[in-house]
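Only one structure is covered here, and it is reproduced in the block below.
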Amino acid sequence: YLLLARIGYYDSILIHRVIDNFVVQAGDPNSKNALPGELVGDGEPFKLPSEIRFPKLYHKRGMVNAAREGDETNPDRLSSGSQFAIMTCGPLNEGQIKRGQERIWAGTDSAVNLPKEIIDTYMEEGGSPHLDAQYTVFAEIVKGMDVVDKIQKVETDPNDRPVEDVRILRTVVVKDYK
């Protein structure tokens, strides 16, 4: 993703999927020239092996994960080489945490439990625990979540695409963390 950002891949790309209180997604190369209302989200230049580092990296609010197709069509859980999603869900209650844990168990053969510290973070800050230990998390929004919050409130069509185009104008790698 850093390489793609450095070469301008994301410049002028659409935010093609917005689900209020869940995710803002972008990275489909087909979206650069998509017509209004055109279905996008299936394009990707290549796939990558997953790099799941749970519990170090998890889906708290503001984290960025590599998008991927579901387990039914992607049993190896290969990540999209370009598409990503930003977690936007606000604070969760105990019932939501419980449902998230159940989805984790379903996706990991009951091998992964949410640690108390992560549960506390989900209850205080928010996020999407049901994705934990099943998707690659690779970045965090440290400045600008207010912009993401505005994007997640735009009107969308039945395919979750914003009715009015929202684009990433330019990407810049500010600091490369190793």
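Quick check on the range 128-142. Is at least one of its residues free of Cβ contacts under 8 Å to residues at least 24 places away in the same chain and at negative phi?
No, every residue in the range 128-142 fails to be free of Cβ contacts under 8 Å to residues at least 24 places away in the same chain and at negative phi.
Just to be sure, is G127 of a type in the set (G, A, S), under 13 Å from the mean Cα position of the chain (by Cα) and within 27 Å of L39 (Cα to Cα)?
In short, yes.
Among the listed residues P91, P55, P75, P45, identify the single one that is open to solvent by 40 Å² or more (accessible area, probe 1.4 Å), in contact (Cβ under 8 Å) with a residue 60 or more places away in the chain and not in a strand (DSSP E or B).
None of the others qualify; the one that does is P55.
Restricting the search to the range 96-140, which residues are assigned to a loop (DSSP other than H, G, I, E, B), touching a helix residue (DSSP H, G or I) at 6+ places or on another chain (Cβ under 6 Å) and within 16 Å of N65 (Cβ to Cβ)?
V112, D132, A133, Q134
For the subset of the range 21-42 comprising residues that are touching a helix residue (DSSP H, G or I) at 6+ places or on another chain (Cβ under 9 Å) and part of a loop (DSSP other than H, G, I, E, B), which member is nearest to I86 (Cα to Cα)?
By that ranking, first place goes to G27.
Which residue is most open to solvent (accessible area, probe 1.4 Å), if the candidates are limited to the range 135-178 and must be closer than 24 Å to R103 by Cβ and among the polar types (S, T, N, Q)?
N159
Can you tell me which residue is nearest to K32 (Cα to Cα) among those in the range 59-88 that are of a type in the set (S, T, Y) and modelled with pLDDT of 95 or more?
Looking at the filtered set, the residue picked out is S82.
Could you tell me which residue of the range 78-106 is farthest from Q152 (Cα to Cα), considering only residues that are of a type outside the set (S, T, Y) and touching an Asp or Glu at 6+ places or on another chain (Cβ under 7 Å)?
Looking at the filtered set, the residue picked out is I104.
Taking the range 12-42 only, how many residues are charged (D, E, K, R), surrounded by 15 or more Cβ atoms within 10 Å (Cβ to Cβ) and more than 30 Å from M123 (Cβ to Cβ)?
2
The values are calculated or read from the model by the stated rules, or taken from the named source; none is laboratory data. All values derive from a computational prediction rather than experimental measurement. FYI the Cβ positions are ideal-geometry reconstructions off the backbone, even for glycines, and counts take in every protein chain you see. Each accessible area value is taken on the protein alone, full model and side chains, heavy atoms only, with ligands, DNA and RNA left out. Shrake-Rupley method; radii C 1.70, N 1.55, O 1.52, S 1.80 Å.
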